[in-house]
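Notes to accompany the following structure.
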Amino acid sequence: MERALGARSAARLLLLLVIAILPVFQAQTVTVDDSVSGFIGTDVVLRCTFANNNPNIKITQVTWQKANNGSKQNIAIFHPTMGVSVLAPYKDRVSFKKPSLDDATIELSGLELQDEGVYICEFATFPTGNRESQVNLTVFAKPVIDAELSPTSITARAGHPGKIVVATCTCANSKPPGIITWETKVNGETVVKESRNRNGTMTVSSQYLLVPSREAHRQPLTCVVNYQTDRTTKVLMLNVQYEPEVTVEGFDGNWYLNREDVRLTCKADGNPPATKYNWKMLNGSLPVNVERQNTTLLFKGTVTYDLAGTYVCEATNAIGTRSGLVEVNITESPQILPSSTSRAIVGTGVDSSGSSSRSLVIGAVVGGGLLLLITGIIIFVVLRKRQQTFKGDYNTKKHVFGNGYSKAGAMPPAPQHVPYQEESDEDKKPSPMNVSYETERKVMRDGADFDTDSKRPYFTVDEDFDDQTLSFQYPPELTEDMVSQNDGSIISKKEWYV
C-alpha cells in the first residue's frame, strides 16, 4: 500500500515538472533559412538567430557544424568569454557577421563545390540543453561556353561520302549541366555527348553534321545554350570551299556583221576565288583578232562570220577546275528579238547566256502590250466620236404608240381603245415641214441635200375608229438610200455612216 502511494506521488511530481518546463521549451526558437544557394567563387550568408523569452535560460555557446556522412564537423564557434574560433579548412573563409548569443549569422566566401551540404546552427543553453536548426547549401557552377568551326577545311566535292562535322559547341564545367541546341537554315543533324568531371561538374558538347555544298557557304550556324534562366548564343559563319561555278557572259544573241566592240567575259564563283582562266574554242582555235585579257575575250575590229562558234572558259582554284561555254552565232543584220540559238552551258548544265537577251524579250512584250492598248484607245475614241456626231435623236421622234420595235418597218398593233384628243388651234397651223412623200423621193433621186432629208417627218394618214378620226404616222417606203432604225424611224445612209 505504501509503495503504491509512493509511485503515485512520483508520477505527480514528474507531471508537474513537465508542465513547468514545457513553456520554457516553447519560448526557445532557433531560426534559419530553409535553403541557400550560390555560384562557385561567390559569397553566401547563412543566417541563424535564437529567440529566448525566459530570463532563467542562459546561453553558453554558439556553434556552426556541417553534416558529414552521419557525423558533425565543427566549422566556427562563438563563446562569450573565449571569443570566435574558426576551424580548418574554413579558417580564412568563414566569419561571424555580428557575433552574439542571440545572432549566429555567418558569411562563407569563395564558394567551392565541396562546400555544398547541410549546415547546422546550434545554441548551448542551461539548464535546457542544446537547441539547433539546419540549412541546405547548394553550390552551382556557371558553364564555360564555346563554339568553333571544324579545324579541318569544309570542302564540297562531287561524290562526297556523306555528312561531316562542321562545328562543335561546348558547355563545360557546369552544375547543373546546360542544354545545347542549334539554329540554322542548313539541313543537318546533331550528336550530343556528356561527361562528368572529378569536381562534380558536367561538360556537354554538341556536334553539327551536314553534307558540304555551295549553298551552305556563308550560312549562319548558331549554337544556343540554355542554363537555368540564362540563354547564351554563339554565331558561326560556315566557310565551305568548292570548285568554281562558271558562266560566260557578253553574247546577247545579236551579233551581226560589222558590229563593233564585242567581248565575252568569264564569271567564276568559287571558294577560294579562281586564280587561273583559260579560253579556247570547242572545235578549232580562237579567231586571230581575239585578245585574251584574263577573264575577258576582246574581239578587235568589226564582227565577221569567222567569230561564230562555241567559246569555252576554264576557271581553276585550289579545289579544282570547271568550265562554262557559250555558243555564238552571227547574223547579217541586227535582230529585233534575241536569237533562239543563244545559250550558255555551265559545267554539265545549261543556262541562259546573257541577261541582255532576257531584257530584250521583256521589252518586246511590254512594247506589244502598249501597242495593243493604244490601238484599243483609238478604236474607242473613233466609235465614241461616231456616236456623238449621229444626227438623229430617237428620244425626240414623235410616235403615237410608245417606243420603236426591233425590226425595221414593224408597226405596233392597233389599240382596242384610243382616247380622242381634240385638235388644238396650235395643231391646226400648217407645218413648215409639210412635204409630200413623192416630193421627198423626188428630192432624194435628184440628189438633194441629205441634211434636209434627215430632218423630214413621217407622212401622216388619217383613219376612222368608231366615228373618231385619228392620225397615224407611217414610215415612208424605204429606198436604196434609206436605212431603217430599231425604233421604226428611217434615216439616210449618209447620216447612218457619219
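The values are calculated or read from the model by the stated rules, or taken from the named source; none is laboratory data. Note that the coordinates shown come from a computational prediction; the quantities given were computed from them, not determined experimentally. Note: ideal-geometry Cβ built from the backbone for every residue, glycine included; neighbour counts use all protein chains shown. SASA here: full protein model, heavy atoms, side chains in, ligands and nucleic acids out. Shrake-Rupley method; radii C 1.70, N 1.55, O 1.52, S 1.80 Å.
Can you name the residue in the range 39-56 that is surrounded by 17 or more Cβ atoms within 10 Å (Cβ to Cβ) and either aliphatic (A, V, I, L, M) or modelled with pLDDT under 95 (or both) and, of all such residues, is farthest from residue 102 (Cα to Cα)? So that I can check it myself, show each step before the final result.
Restricting attention to the range 39-56, the residues satisfying the condition of being surrounded by 17 or more Cβ atoms within 10 Å (Cβ to Cβ) are 40, 44, 46, 48, 50, 52.
Next, from what is left, pick out any that are either aliphatic (A, V, I, L, M) or modelled with pLDDT under 95 (or both): 40, 44, 46, 50, 52.
On the way: 40: 30, 44: 20, 46: 14, 50: 5, 52: 8 Å.
Per the stated criteria, the residue is 40.
Considering the range 161-191 alone, what residues qualify as being without any contact (Cβ under 8 Å) to a residue 60 or more places away in the chain, assigned to a strand (DSSP E or B), over 27 Å from residue 138 (Cα atoms) and of a type in the set (A, V, I, L, M, F, W, C)?
Within the range 161-191, 164, 165, 182, 191 qualify.
Filtering the range 317-334 down to residues that are open to solvent by less than 20 Å² (accessible area, probe 1.4 Å) and assigned to a strand (DSSP E or B), which residue is farthest from residue 257 (Cα to Cα)?
The residue in question is 324.
Given (1) hydroxyl-bearing (Ser, Thr, Tyr); (2) more than 21 Å from residue 39 (Cβ to Cβ); (3) crowded, with 17+ Cβ neighbours inside 10 Å, where does residue 181 come up short, assuming only one miss?
(3)
Quick test for you: out of 167, 172, 141, pick the one residue that is open to solvent by less than 60 Å² (accessible area, probe 1.4 Å) and within 17 Å of residue 240 (Cβ to Cβ).
Numbers: 172 fails: within 17 Å of residue 240 (Cβ to Cβ); 141 fails: within 17 Å of residue 240 (Cβ to Cβ).
After ruling out the rest, the residue left standing is 167.
Return yes when residue 136 is in contact (Cβ under 8 Å) with a residue 60 or more places away in the chain, polar (S, T, N, Q), open to solvent by 30 Å² or more (accessible area, probe 1.4 Å) and outside any loop (DSSP other than H, G, I, E, B) and no when it is not. Break it down into steps so the answer makes sense when it comes.
Details: in contact (Cβ under 8 Å) with a residue 60 or more places away in the chain: yes; polar (S, T, N, Q): yes; open to solvent by 30 Å² or more (accessible area, probe 1.4 Å): yes; outside any loop (DSSP other than H, G, I, E, B): yes.
So residue 136 fits the description; yes.
Can you name every residue in the range 276-303 that is open to solvent by less than 50 Å² (accessible area, probe 1.4 Å) and not in a strand (DSSP E or B)?
Scanning the range 276-303 gives 286, 287, 289, 295, 303.
Can you go through 244, 212, 273 and tell me which one is assigned to a loop (DSSP other than H, G, I, E, B) and surrounded by 15 or more Cβ atoms within 10 Å (Cβ to Cβ)?
Of the residues listed, the single one that is assigned to a loop (DSSP other than H, G, I, E, B) and surrounded by 15 or more Cβ atoms within 10 Å (Cβ to Cβ) is 212.
Among the candidates 206, 213, 195, which residue alone is in contact with a strand residue (DSSP E or B) (Cβ under 9 Å, 6 or more places away or on another chain), without any contact (Cβ under 8 Å) to a residue 12 or more places away in the chain and either over 30 Å from residue 293 (Cβ atoms) or not small (Gly, Ala, Ser) (or both)?
Working: 206 fails: without any contact (Cβ under 8 Å) to a residue 12 or more places away in the chain; 213 fails: without any contact (Cβ under 8 Å) to a residue 12 or more places away in the chain.
Answer to the check: 195.
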